[in-house]
Amino acid sequence: MASMETKTEHELNVQKWQQEKDFFTRWSLYPPIPELLDLIEAYDPKSFIDMGCGGASYLKILCEKGLRIFGCDINPQAIAIQQTQLPPHRLFQGDLFALHPNESFDVGLIHGVLYYYTHEEKVEFLSRRAPGFINKAIVLEEHHYDQPRQMTDYRGIMLHFENWIELAKELPGWNVKILEKKDPNFLARYIQRFIPTYKISETTQDSKWILLEKKA
C-alpha cells in the first residue's frame with residue numbers, strides 16, 4: 001500500500017497540476033504518438049485501460065475503433081474535461097492505488113506516470129494489483145538507468161527512476177522487454193507543440209518503451 005507520506009505527496013502533486021489551468025485542454029487536442037499506439041495495437045486488444053490518461057487521446061482513438069475502454073487520472077481537471085468527450089462511467093479520478101476495476105482489460109497503458117511512485121510502490125502495484133485486471137500486457141513509457149536515481153521534474157516534483165532489468169526480478173508474473181525509441185527526442189518535440197517552454201532534457205532522452213507481458 002502507498003504510505004500516508006506518499007499519499008500526501010500525491011495530493012501536493014495534484015495541487016501543482018491544477019495550477020496549469022489549460023494544460024489538459026491543450027493536451028487533449030493532440031493525437032496519440034504513432035509509435036506508442038502501434039505497440040498497444042500489436043497485442044490485438046479488444047479492451048484497453050489507460051492508467052494516467054491525461055488528455056485521453058489513446059482512449060478516444062481506441063474507443064472509436066470499437067474497444068471497450070476505461071481511463072483513470074489523479075487530476076480532477078483532466079477527468080472533468082474527458083467526461084465531456086467520453087462516457088463518464090468509463091472514467092475514474094484517482095491514483096493507481098485507488099483504482100479497483102471490477103473488469104479486466106487486454107492491454108493497459110501507463111505513460112509517464114510510474115516514475116512518480118517509489119520503487120516499493122511500483123512493485124506493489126505491478127506484482128500484486130495489476131495482474132488482477134490485465135489479461136495480456138502493460139505498455140509503459142519509462143526510464144531505464146544502470147542505477148536507480150531520483151530527480152525533480154520541471155514543477156519540482158520528485159521522480160523515481162529504475163533499472164528495469166533489476167526491477168523485473170521483483171515482478172515474477174511478467175516478462176519484461178525494454179525497447180529503444182525510434183526517435184528519443186520525439187516526445188519532447190511533441191510536448192513543445194503545446195508547452196513551448198518545455199526543454200529536451202536527459203530524462204526525456206533516456207525514456208524507453210517498457211513492455212510487461214503477462215506470463216501464462
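In table form, for the structure just shown:
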quantity: So Asn135, is it at pLDDT 90 or above and either outside any strand (DSSP E or B) or closer than 20 Å to Gly52 by Cβ (or both); calculated: yes
quantity: Close pairs from the range 76-87: first touching a residue at least 24 places away in the same chain (Cβ under 8 Å), partner aromatic (Phe, Trp, Tyr) and buried (at least 21 other Cβ atoms within 10 Å of the Cβ), Cβ under 7 Å, at least 6 apart; calculated: Gln77/Phe24; Ala78/Phe24; Ile81/Phe24
quantity: Qualifying residue in the range 144-157 (condition: under 17 Å from Asp73 (Cα atoms), acidic (Asp, Glu), modelled with pLDDT under 95 and outside any strand (DSSP E or B)); calculated: no
quantity: From the options Ile40, Ile69, residue that is in a strand (DSSP E or B), at pLDDT 95 or above and among the aliphatic types (A, V, I, L, M); calculated: Ile69
quantity: Residue in the range 80-93 that is among the basic types (Lys, Arg) and either over 14 Å from Asp50 (Cα atoms) or part of a strand (DSSP E or B) (or both) present; calculated: no
quantity: Criterion: at negative phi and at pLDDT below 95 - qualifying residue of Val123, Val113, Val107; calculated: Val113
quantity: Scope the range 89-105; condition surrounded by fewer than 19 Cβ atoms within 10 Å (Cβ to Cβ) and in contact (Cβ under 8 Å) with a residue 60 or more places away in the chain; matching residues; calculated: Phe97
quantity: Matching residues, the range 163-184, being assigned to a strand (DSSP E or B) and either among the aliphatic types (A, V, I, L, M) or modelled with pLDDT under 95 (or both); calculated: Val176, Ile178, Leu179
quantity: Checklist (1) closer than 21 Å to Leu140 by Cβ; (2) in contact with a Pro (Cβ under 9 Å, 6 or more places away or on another chain) applied to Leu99, failing item; calculated: (2)
quantity: Failed item, numbered, when Gly156 is tested on (1) farther than 19 Å from Met51 by Cα; (2) in contact with a helix residue (DSSP H, G or I) (Cβ under 9 Å, 6 or more places away or on another chain); (3) of a type in the set (Gly, Ala, Ser); (4) buried (at least 17 other Cβ atoms within 10 Å of the Cβ); calculated: (4)
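The values are calculated or read from the model by the stated rules, or taken from the named source; none is laboratory data. Please read these numbers as outputs of a predicted model, since none were measured by experiment. Here Cβ is always computed from backbone atoms with ideal geometry, including for glycine, and neighbour counts include all displayed protein chains.
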